[in-house]
1. Exactly one of (1) at pLDDT below 95; (2) more than 18 Å from D:S232 (Cα to Cα) is unmet by D:G38. Its number?
2. When the stretch D:71-93 is examined, which residues are found to be open to solvent by 20 Å² or more (accessible area, probe 1.4 Å) and among the small types (G, A, S)?
3. Taking the stretch B:103-132 as the search range and keeping residues that are small (G, A, S) and part of a helix (DSSP H, G or I), which one is most open to solvent (accessible area, probe 1.4 Å)?
4. State yes or no: is D:H152 away from chain A (no Cβ under 14 Å) and not polar (S, T, N, Q)?
5. For a quick check of your reading of the model, give me the residue pairs whose first member lies in the stretch B:250-266 and is within 8 Å of chain C (Cβ to nearest Cβ), whose second is open to solvent by 40 Å² or more (accessible area, probe 1.4 Å) and part of a helix (DSSP H, G or I), with beta-carbon atoms closer than 6 Å and at least 6 apart or on different chains.
6. Any residue in the stretch C:168-189 that's open to solvent by 70 Å² or more (accessible area, probe 1.4 Å): show its pairings with residues that are of a type in the set (A, V, I, L, M) at Cβ separation under 6 Å, as long as the two are six or more apart or on different chains.
7. Inside the stretch B:190-209, can you point out the residues that are touching a residue at least 24 places away in the same chain (Cβ under 8 Å) and assigned to a loop (DSSP other than H, G, I, E, B)?
8. Somewhere in the stretch D:201-215, is a residue of a type in the set (V, I, T), more than 13 Å from every other protein chain (Cβ to nearest Cβ) and either open to solvent by less than 10 Å² (accessible area, probe 1.4 Å) or under 29 Å from A:T58 (Cα atoms) (or both)?
There are 4 protein chains.
Amino acid sequence: MPTITDDLLRKTIRIRPNQSFKGTYGKVTLVGGNKHFGGAIIMASSAAVYSGAGLVTTVSDMANLSSLHARLPEAMIADVNDPKQVKALIQPAKVVVIGSGLGTDAHSQQILKEAFDAISPKQIVVIDGSAITLVALKHIPLPKAHLIFTPHQVEWQRLSGIKLADQGDIAKNQKARDRIGGIVVLKSHHTQIYSDKPMLQNPIGTPAQATGGMGDTLAGMVGGFCAQFSNSLYATASAVYAHSDIADHLAQNQYVVLPTQIISHIPQYMKRHEARR
Amino acid sequence: MPTITDDLLRKTIRIRPNQSFKGTYGKVTLVGGNKHFGGAIIMASSAAVYSGAGLVTTVSDMANLSSLHARLPEAMIADVNDPKQVKALIQPAKVVVIGSGLGTDAHSQQILKEAFDAISPKQIVVIDGSAITLVALKHIPLPKAHLIFTPHQVEWQRLSGIKLADQGDIAKNQKARDRIGGIVVLKSHHTQIYSDKPMLQNPIGTPAQATGGMGDTLAGMVGGFCAQFSNSLYATASAVYAHSDIADHLAQNQYVVLPTQIISHIPQYMKRHEARR
Amino acid sequence: MPTITDDLLRKTIRIRPNQSFKGTYGKVTLVGGNKHFGGAIIMASSAAVYSGAGLVTTVSDMANLSSLHARLPEAMIADVNDPKQVKALIQPAKVVVIGSGLGTDAHSQQILKEAFDAISPKQIVVIDGSAITLVALKHIPLPKAHLIFTPHQVEWQRLSGIKLADQGDIAKNQKARDRIGGIVVLKSHHTQIYSDKPMLQNPIGTPAQATGGMGDTLAGMVGGFCAQFSNSLYATASAVYAHSDIADHLAQNQYVVLPTQIISHIPQYMKRHEARR
Amino acid sequence: MPTITDDLLRKTIRIRPNQSFKGTYGKVTLVGGNKHFGGAIIMASSAAVYSGAGLVTTVSDMANLSSLHARLPEAMIADVNDPKQVKALIQPAKVVVIGSGLGTDAHSQQILKEAFDAISPKQIVVIDGSAITLVALKHIPLPKAHLIFTPHQVEWQRLSGIKLADQGDIAKNQKARDRIGGIVVLKSHHTQIYSDKPMLQNPIGTPAQATGGMGDTLAGMVGGFCAQFSNSLYATASAVYAHSDIADHLAQNQYVVLPTQIISHIPQYMKRHEARR
């Protein structure tokens, strides 16, 4: 069973070329954050910005405008309840992250459908949180695109039909992934990444990470890494590893590690693991 | 008279098991924060998150949405003025913290009643600030549950009928506690904790803590500790001790210690006092 | 001409007695902050809290709710446009700070009148910014109370009638102060404090402080110091000196010193200058 | 080809005279920030304040009030949708920064026209972002004043008609600048500054800066420097150089450098490069 090492980071995080501009590092559009779960989309958006994405737009309930900009003026905001804006901001994106704090009611469902309709085949779509639940339970058809799912174990059960007790069975998970397609980041104590390549296991991580918002942060990091680095599987695995490695480091001195603390350490962490290719 | 030592912390703060997820560390729902006292519920919620509670939901006036998420995107928010939401978010919680910045008007009273109605016997309920005053003065019947009261001396007078001048009488306080039930954290220079066990006294603390919001912060810490650690009395006493110990440490270099400064030091403090059990 | 030294701080900033609670350190109510100048009242309020005032309430336009609590959850907020609230929150205060960001239109004028009407003779009233201008230009009668004015030179011209060019004349300033009464903090390169005692001059300060919000911050510090320390003149002079001394220290490494940076250093600064009395 | 060195900073950043007040360091009014791009005007305003401008007013959509003050209470705010306020706040300014996050719709166009109408010939006007696009594509007539344009390469193509592939041709750029007038800061890997003097090239900068908001931050710094230092060309070139130099320093340890991180380092950076003149 191949485990991720920091070698993979060095294969992924390239030293930035001098001749480059923000367009070089990709547009990421994040869709989520209803009136109750605004924090989730703020953390996902922050993770994308701090991972180095060139241009980040947050499409959420406008109730989140002030808190988003108070924490992250680097992001732009648009109204998730305006189908035209959702479409207009998804179309030019290299990566779309959808689901963090989106909610699962009928309105969220409608937004998800509209968002999926706007997706085109070359785009990378990170499907997180509520969006996984909606896809699984409401049978919303998936768009044709490069899909990356980031379920925790209960969401994976919903999506794959595999019960929690059976999720230790790698072959079963792989089979479900093959049916669903895309990349599956199955989050747990040692997160596993399923794709059309052999499963990659994350050997690190800490129980200090077991707190709300950790998954939203990972989704944003996956989005930010995929916006910049061409191999989506490597980019995803690198984001997973970096997320845990930063947490492990902080957990040496903290009983609980907050998502926002991980976010603020991403730029330094990536610098230490960049390499010329 | 038994005094709390940091031994108690080691008996309480367990090293987190590797095989765990955010559900392991408890759901905390905090109810309070009207239009004027939003800061109180923000501090209580922050204290719960930084203490390591797995999942934190803040039920307050929606006027506090932006400031809550600007400081603490890790928390979710719901509308305290919507009885359905209050009920729906109290029911799944392991711990409910109620009263920080709730206010004491007729509307606050109505919210408190609805909240108490939603409580079930296995839940831990931290009753703080305005909620103590309302219980005492408006004779709102207490729910059947594991109750923890966190009165300052004036609130204790209201709740117990014992005048400030007589609160040095431990037997009297104990008797009032026995009548009321639950755990009583009687906040003062050296906070005392009354329960069905012998009174525990906090030997530390500093006058630098004598500033607004300190009690809200303690209530959130008690909530966060009780969400994670099975012995509620030990969890409560550990939170009290930790709150003062962090303050004492900061007070070596500060004339006044702000509640938000204490909050940011909780994760490091808990790490230093965790122990295998 | 007596100049302030840090000896005065030691005569003013007492070591806090162990047996004390937030009521010991005074209630401060700050009135100001219209829709455009919310930052001013946020800075004044923050300065009061970080100076150690026991309980701080900000009475401003409710548009400032989110930004106040995002920065300072320790303060409570009330609506400056609601005369009942203004009155109810001024009456129990030991110190009222009025004018930071209040504005000078007819509505501001109305608020100032209502606020002054609610003042009682034993209260300390810090009259700052727009409030000085309104008093001077609109001839709003001053309340009977312990008044402290914090004009910059243009505001002093309005209040005293002394032209800028003539403000170097100490006797003239003193005479104007004697006519107006109270304490006058005449802010300039070397701030002078006039009262019924000989003028006190602040020998320190830096041009790095010459930036918007510096005066609001000082007004809040004066409020916070007067809430805690019994000699109002010493408290005022100590606040002026501390404000400059912190700035001087920061200016060793900064071209401009921001008001919010001064605020965050107050607790440490006061600790270094506390003394037993 | 003359390149900027830190010598120029020393010729520009004067040691502040003791006898000075906030008026000495200039009023800057920033106009921009619609409902979607509030972060842009927050970053520009912050950069102006942290550069040492005496008094900063942000004229934007009032939706940005809370986030602006949560990050920067030092700034005042006014409503960009109120033509009277726009005019009243532009007229007394020494420097007007216009365009950061303004947007390019018909309403933005109207605001830009009104703002330009309020400009008088002695004012310095930094024309950034959306304002450049509007000037170029909607042929909005430029005001008579000291104009400074801060286009990135696509915006320069719109403004000058020179295609991206031809922008390496200095003579061509100079010719376009001569036709347009003012100072042109052509942002790229090595930013070039065109004026009626020989072109100045910025020899430093890092691809870690290639992220959203970097240009808004530079516009605010140019505004802040021009408010304080009398030679506008030197002030502009110094701001460009300082912006890159701070980024270079941070990029030694960060894969991406956030605009807000640059902003927080400006006061220390300027202190290290001030000189007596």
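The values are calculated or read from the model by the stated rules, or taken from the named source; none is laboratory data. Small disclaimer: the values here were computed from a predicted structure and weren't measured. Cβ placement follows ideal geometry from the backbone for every residue including glycine, while neighbour counts extend to all protein chains displayed. Keep in mind that these areas ignore ligands, DNA and RNA; they rest on the heavy atoms of the full protein, side chains included. Shrake-Rupley method; radii C 1.70, N 1.55, O 1.52, S 1.80 Å.
1. Of (1) at pLDDT below 95; (2) more than 18 Å from D:S232 (Cα to Cα), only one is false for D:G38: (1).
2. Filtering the stretch D:71-93 down to residues open to solvent by 20 Å² or more (accessible area, probe 1.4 Å) leaves D:71, D:76, D:79, D:81-85, D:87-89, D:91-92.
D:A88, the sole residue that qualifies.
3. Going residue by residue through the stretch B:103-132, those that are small (G, A, S) are B:103, B:106, B:108, B:115, B:118, B:120, B:129-131.
Narrowing further to those that are part of a helix (DSSP H, G or I): B:106, B:108, B:115, B:118, B:130-131.
Numbers: B:A106: 78, B:S108: 4, B:A115: 1, B:A118: 9, B:S130: 19, B:A131: 0 Å².
Step by step, filter the stretch B:103-132, then rank; the result is B:A106.
4. On the way: away from chain A (no Cβ under 14 Å): no; not polar (S, T, N, Q): yes.
Here the answer is no, as D:H152 does not meet what is asked.
5. Pairs that qualify, where the first residue is within 8 Å of chain C (Cβ to nearest Cβ) and the partner is open to solvent by 40 Å² or more (accessible area, probe 1.4 Å) and part of a helix (DSSP H, G or I), are B:N253/C:Q268; B:N253/C:K271; B:Q254/C:Q268; B:Q254/C:K271; B:Y255/C:K271.
6. Here the result reads C:K172/C:I162, each pair linking the stretch C:168-189 to a residue that is of a type in the set (A, V, I, L, M).
7. Once the filter is applied, which keeps residues that are touching a residue at least 24 places away in the same chain (Cβ under 8 Å) and assigned to a loop (DSSP other than H, G, I, E, B), the stretch B:190-209 yields B:T191, B:S195, B:K197, B:P198, B:M199, B:N202, B:P203, B:I204, B:G205, B:T206.
8. There is no residue in the stretch D:201-215 that is of a type in the set (V, I, T), more than 13 Å from every other protein chain (Cβ to nearest Cβ) and either open to solvent by less than 10 Å² (accessible area, probe 1.4 Å) or under 29 Å from A:T58 (Cα atoms) (or both).
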